[in-house]
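Here's the structure, in structure tokens; my notes come after.
The values are calculated or read from the model by the stated rules, or taken from the named source; none is laboratory data. All figures in this text were calculated on a predicted structure; none of them were measured in a lab. We place every Cβ from the backbone using ideal geometry, glycine too, and count neighbours over all the protein chains shown. The protein model used for the area step is the full one, side chains on, heavy atoms only, and it has no ligands, DNA or RNA in it. Shrake-Rupley method; radii C 1.70, N 1.55, O 1.52, S 1.80 Å.
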Amino acid sequence: MTSVVERLRGESPKFSVEFLPPRDAEDEKVLWKAVRELEGLDPAFVSITYGAGGSRRDRTIRATGRIAQETTLLPVAHLTAVEHSVAELRNVIGWYAAIGVRNILALRGDPPGDPMGEWVAHPEGLSYADELVRLVRELGDFCVGVAAFPYGHPRSGDLDTDLKFLLRKLNAGADYAVAQLFHAPEPFLRMRDRVAAAGCSAAILPGIMPMLSPRGLAKIVELSGADLPLEVSRRLEPYADDVAGFRATGIDIATEMCQRLLDEGVPALHFYTMNRSKATKEVLGRLGLVTRA
Ligand code: FAD
């Protein structure tokens, strides 16, 4: 199976997408509709998040396996260290290998329940993502990605400390990083440039989620860990009660940000899809990245 790094090679900019594992049969239909619609646009890879708790984790493994076996897509399985012993992590990694998945996004994860609650490592587990990167690498020929935080991880005291830990993960053997959501290109570009200036050539992919509704916007602000820039909130404000106007402006803002990132030479745009394809297709079509979008 090819690797993410191989797929990112070449001059032309690429895109990739993130899916969530389905919670029930209805969710499963929604996911597969998006998978099939985006498959035709040839994303560089599709990543599937890893949930907390046994049944959610099984669904991640199942969905990732189906994508590997029933589609032309390159799946990237997310994996977290939450509540796992090293033996269990080895087991999950072995499962991925057995179903033909050779691309893993290695994450520490958050404490179940409250993401900002106290992190307690499993007594026979791992404490940080760099340890998981090493473990995955040890177990075979995997291409490994890690998470990056343009505004700094919420638990990091400052950006310098955050950069130090990002570099530690990359130097532990990660091939690339995918960034958390952000709503202005500069913090992402500064982070990317600082990684390069530190001598690390790993690709850092920007994480994109168009702002399609006030509720979606609140989620983006929460996940990014940073307030919306004034010029963005000014553009969206007039559409607080206009569903279509808000969505159209959100797509405009996302397209403009993606264009700037492409102009700055990012190798690919990573879209957080929430298992929907429409907004991703619209932005890609506007950017001229896919002819059929
Ligand atoms: P780490 O890199 O281990 O960092 C955790 C914290 O510890 C940071 O504050 C870091 O600065 C600090 N730190 C790191 N190394 C050290 C060290 N050696 N000593 C001291 N401090 C250190 N969560 C899920 O549950 N499932 C998913 O599928 C998932 N997918 C994600 C995908 C992306 C692209 C992103 C950006 C996030 C995702 N998350 C997911 C969320 C992620 O698990 C959390 O943000 C988590 O808090 C951090 O994970 P990490 O891998 O960055 O951890």
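Restricting to region 203-220, and then to whatever is within 15 Å of the ligand (Cβ to nearest atom) and open to solvent by 20 Å² or more (accessible area, probe 1.4 Å), can you tell me which residue is farthest from residue 183 (Cα to Cα)?
Applying the filter and picking the extreme gives 203.
For residue 60, work out the one condition from (1) part of a loop (DSSP other than H, G, I, E, B); (2) of a type in the set (Val, Ile, Thr); (3) at pLDDT below 95 it doesn't fulfil.
With (1) part of a loop (DSSP other than H, G, I, E, B); (2) of a type in the set (Val, Ile, Thr); (3) at pLDDT below 95 applied to residue 60, the lone miss is (1).
Determine, yes or no, whether residue 86 is aliphatic (A, V, I, L, M) and in contact with a helix residue (DSSP H, G or I) (Cβ under 8 Å, 6 or more places away or on another chain).
In short, yes.
When region 248-273 is examined, which residues are found to be in contact (Cβ under 8 Å) with a residue 24 or more places away in the chain and out of contact with any helix residue (DSSP H, G or I) (no Cβ under 8 Å at 6 or more places or on another chain)?
270, 272
Which of the residues belonging to region 170-190 are open to solvent by 20 Å² or more (accessible area, probe 1.4 Å) and near the ligand (Cβ under 8 Å from one of its atoms)?
Listed by number, the list holds a single entry, 180.
Can you spot a residue in region 281-289 that is closer than 26 Å to residue 20 by Cα, of a type outside the set (Gly, Ala, Ser) and at pLDDT below 95?
yes
If you take the residues in region 64-81 that are in a loop (DSSP other than H, G, I, E, B) and open to solvent by less than 10 Å² (accessible area, probe 1.4 Å), which one is nearest to residue 174 (Cα to Cα)?
81
Is it the case, given these coordinates, that residue 103 is touching a residue at least 60 places away in the same chain (Cβ under 8 Å) and either within 19 Å of residue 21 (Cβ to Cβ) or of a type in the set (Phe, Trp, Tyr) (or both)?
Considered against the rule, which asks whether it is touching a residue at least 60 places away in the same chain (Cβ under 8 Å) and either within 19 Å of residue 21 (Cβ to Cβ) or of a type in the set (Phe, Trp, Tyr) (or both), residue 103 comes out as yes.
When you scan region 102-110, do you find a residue that is within 24 Å of residue 207 (Cα to Cα), surrounded by 13 or more Cβ atoms within 10 Å (Cβ to Cβ), at pLDDT below 95 and within 8 Å of the ligand (Cβ to nearest atom), even just one?
yes
Tell me, please, whether a residue that is more than 17 Å from residue 176 (Cβ to Cβ), within 16 Å of the ligand (Cβ to nearest atom) and not aliphatic (A, V, I, L, M) can be found in region 14-21.
yes
Looking at (1) at pLDDT 95 or above; (2) open to solvent by 40 Å² or more (accessible area, probe 1.4 Å); (3) touching a helix residue (DSSP H, G or I) at 6+ places or on another chain (Cβ under 7 Å), which is the one condition that is false for residue 240?
(1)
So residue 85 ticks every box in (1) open to solvent by 20 Å² or more (accessible area, probe 1.4 Å); (2) farther than 22 Å from residue 175 by Cβ but one. Which box is left unticked?
(1)
Considering each residue of region 204-228, count those that are modelled with pLDDT of 95 or more, within 16 Å of the chain's Cα centre (by Cα) and farther than 16 Å from residue 149 by Cβ, and give that number.
Selection size over region 204-228: 1.
Across region 141-169, which residue is least open to solvent (accessible area, probe 1.4 Å) among those that are more than 16 Å from the chain's Cα centre (by Cα) and under 19 Å from residue 7 (Cβ atoms)?
Here the answer is 142.
Among the numbered criteria (1) without any contact (Cβ under 8 Å) to a residue 40 or more places away in the chain; (2) open to solvent by less than 20 Å² (accessible area, probe 1.4 Å), which single criterion is violated by residue 224?
(1)
Looking only at residues in region 13-57 that are polar (S, T, N, Q) and either in contact (Cβ under 8 Å) with a residue 60 or more places away in the chain or part of a helix (DSSP H, G or I) (or both), which one is surrounded by the fewest Cβ atoms within 10 Å (Cβ to Cβ)?
The extreme case among them is 55.
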